[in-house]
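Q: Before I ask anything, let me first share the structure, which is written out below as structure tokens.
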Amino acid sequence: MSIPLYGFLEGDTIGLLVSAEESETILELAGKLQDAASIRVARNGQADFVYDGKVIDPKSTVAQAGLHALDRFDVIWRPAR
């Protein structure tokens, strides 16, 4: 089942509607958002997926993370070490 989600990539000026599958990993979903915004924002190293104020394990699935239709998520760049 496809789930529409609002994704916001750090450095982008707009949010994007992204279609996700319940079995898709958070890493895959973050990659979809980065690909969709790539015309405006270049990849900038490692990123974290934030939902409901928490960083989500990239190996977990959309269903395991508890994402529902029209929820917002953010992909933010990790600080360089």
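Bear in mind that the values in this text are calculations on the coordinates, not laboratory data. Everything numeric in this text was worked out from a predicted model, so none of it was measured. Here the Cβ positions follow ideal geometry from the backbone for every residue, glycine too, while neighbour counts run over all protein chains shown.
Q: Can you tell which of Q64, Q34, Q46 shows the greatest fluctuation in a Gaussian network model of the chain with Cα springs below 10 Å?
A: Between Q64, Q34, Q46, it is Q46 that shows the largest mean-square fluctuation.
Q: If the chain between E22 and S38 were fully stretched, how many nm would it gain, using 0.36 nm times the residue separation less the Cα-Cα distance?
A: 3.4 nm
Q: Given a Förster distance of 25 Å, report the FRET efficiency between I76 and Y6 from their Cβ-Cβ distance, rounded to the nearest 0.05.
A: 0.95
Q: Separate question: If I build a Gaussian network model for the chain, linking alpha-carbon pairs within less than 10 angstrom, which residue out of A30, A20, A69 has the largest mean-square fluctuation?
A: A69
Q: Additional query: Determine the calculated [θ] at 222 nm for the chain from helices alone, applying -39500 (n - 2.57) to every DSSP H run no shorter than 4 residues and normalising by the residue count; nearest 500 deg cm²/dmol.
A: Using -39500 (n - 2.57) per qualifying helix, the result is -5000 deg cm²/dmol.
Q: Per q in 0.16, 0.20 1/Å, what log10 I(q)/I(0) does a Debye calculation on the alpha-carbon atoms of segment 29-81 return?
A: Debye output, listed in q order: -0.49, -0.76.
Q: For the chain, find the longest principal axis of its Cα atoms and tell me its angle to the long axis of helix 26-36, 0 to 90°, nearest 10.
A: 60
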